[in-house]
Amino acid sequence: MNMDYKKVLPHIYEGKANRLYEVEGHPEYLIIERKDDITAGNGAKHDTIEDKGFYNNKISNQLFWVLRNNSAVVPTHFVQELSDCETLIQKTNPIKLEIVVRNIATGSIIERLPFDDGQEFTNPIFELYYKDDALGDPLINHSEALALGVISERDYADIEGMALIVNDTLKEFFNEIGIILVDFKIEVGRTPQGDLIIIDEISPDTCRLWDAETRKKLDKDRFRQGLGDEAGAYREIYRRVCEQVFFIVFRDV
Ligand code: TMP
């Protein structure tokens, strides 16, 4: 790509884990900068983890590459990695939903329903949360999503289908590197052409990832639960993900 991404305008948005910048002369793109900040409990707990922005940028971009290069292609906003913590992305109109898929019961679902912690589901569980900080991102059902006007019936089916393909693809990918994909959250945005694509990130901030042998938590639960060594966990995921992508690239040439 031949574009001067250095002509970056002041950031237009700062979230808990990233900043978004517009690029002068390129309204179709944004630059996302991943921060080292880590938060939990809707911002109630906050800290910084050394190099988290680097790990999440690299991990997310590699996982988006996996989704794009899978036989069932899943479109994402990824365009080009610009630096250790910055990536050029396609600008979309974000849908106000958090989409969660669960393979194993843990986290909020065991507070809400009588599942055992660590219990494996026969079929993945698909959930939608309405993205609204003031309301604490409540869980919503199919008809509530339609009534809120955030998505159409057709979008609902597309989003569920997309989320389950992401689950199948990443479960298999992580399985190859000795990691259990316990659950994850994704977000989607609509392109100017009207297509739904995956935005934001897929990283140890947004997935639960357990070592398959030891069941050690290698994700943000280390921070949520005060287990420590978050940087070591993110580094381990980064190392295994990069090695596997390298292996796939060279296996296919
Ligand atoms: P939960 O068990 O807390 O509902 O989380 C389910 C999955 O979604 C887990 O992988 C963590 C991820 N998640 C986020 O990425 N952001 C959030 O704000 C929440 C609540 C969960």
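The values are calculated or read from the model by the stated rules, or taken from the named source; none is laboratory data. Since the structure is predicted, the reported quantities are computational estimates derived from the model, not experimental observations. All Cβ positions, glycine included, derive from the backbone under ideal geometry; neighbour counts span all protein chains shown. To get the accessible areas, we keep the full protein, side chains included, count just its heavy atoms, and leave off ligands, DNA and RNA. Shrake-Rupley method; radii C 1.70, N 1.55, O 1.52, S 1.80 Å.
What the table below lists for this structure:
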{"item": "Within region 152-170, tally of residues that are surrounded by 15 or more Cβ atoms within 10 Å (Cβ to Cβ), of a type outside the set (S, T, N, Q) and either over 20 Å from the mean Cα position of the chain (by Cα) or within 13 Å of the ligand (Cβ to nearest atom) (or both)", "result": "3"}
{"item": "Of all residues in region 217-230 being touching a residue at least 12 places away in the same chain (Cβ under 8 Å) and farther than 16 Å from F173 by Cα, the one that is farthest from the ligand (Cβ to nearest atom)", "result": "E230"}
{"item": "Some residue of region 172-181 being touching a residue at least 12 places away in the same chain (Cβ under 8 Å) and part of a loop (DSSP other than H, G, I, E, B)", "result": "yes"}
{"item": "Single residue of region 99-133 satisfying the filter (surrounded by fewer than 11 Cβ atoms within 10 Å (Cβ to Cβ) and either hydroxyl-bearing (S, T, Y) or at pLDDT below 95 (or both)) that is farthest from L164 (Cα to Cα)", "result": "D133"}
{"item": "Condition check for G178: at positive phi and within 15 Å of the ligand (Cβ to nearest atom)", "result": "no"}
{"item": "Odd one out for L82, checked against (1) within 16 Å of the ligand (Cβ to nearest atom); (2) under 25 Å from A233 (Cα atoms); (3) in contact (Cβ under 8 Å) with a residue 60 or more places away in the chain; (4) in contact with a strand residue (DSSP E or B) (Cβ under 6 Å, 6 or more places away or on another chain)", "result": "(1)"}
{"item": "Residue satisfying condition, being among the charged types (D, E, K, R), touching a residue at least 24 places away in the same chain (Cβ under 8 Å) and closer than 28 Å to K96 by Cα, within set E201, E153, E243, E213", "result": "E201"}
{"item": "Pairs, first under 15 Å from P138 (Cα atoms) in region 100-116, second within 8 Å of the ligand (Cβ to nearest atom), C-beta under 6 Å, six or more apart", "result": "V100/E127; V100/K185"}
{"item": "Where a residue in region 118-130 is in contact (Cβ under 8 Å) with a residue 24 or more places away in the chain and its partner, wherever it lies, is acidic (D, E) and within 12 Å of the ligand (Cβ to nearest atom), with Cβ under 6 Å and at least six apart", "result": "Y129/E98; Y129/D137"}
{"item": "Test: residue in region 89-99 that is closer than 17 Å to P204 by Cα and within 13 Å of the ligand (Cβ to nearest atom)", "result": "yes"}
{"item": "In region 202-219, the residues that are in a loop (DSSP other than H, G, I, E, B) and either touching a Pro at 6+ places or on another chain (Cβ under 8 Å) or open to solvent by 10 Å² or more (accessible area, probe 1.4 Å) (or both)", "result": "D205, T206, A212, E213, T214, R215, K216, L218, D219"}
{"item": "Selection from region 231-240 of residues that are open to solvent by less than 30 Å² (accessible area, probe 1.4 Å) and free of Cβ contacts under 8 Å to residues at least 60 places away in the same chain", "result": "G232, A233"}
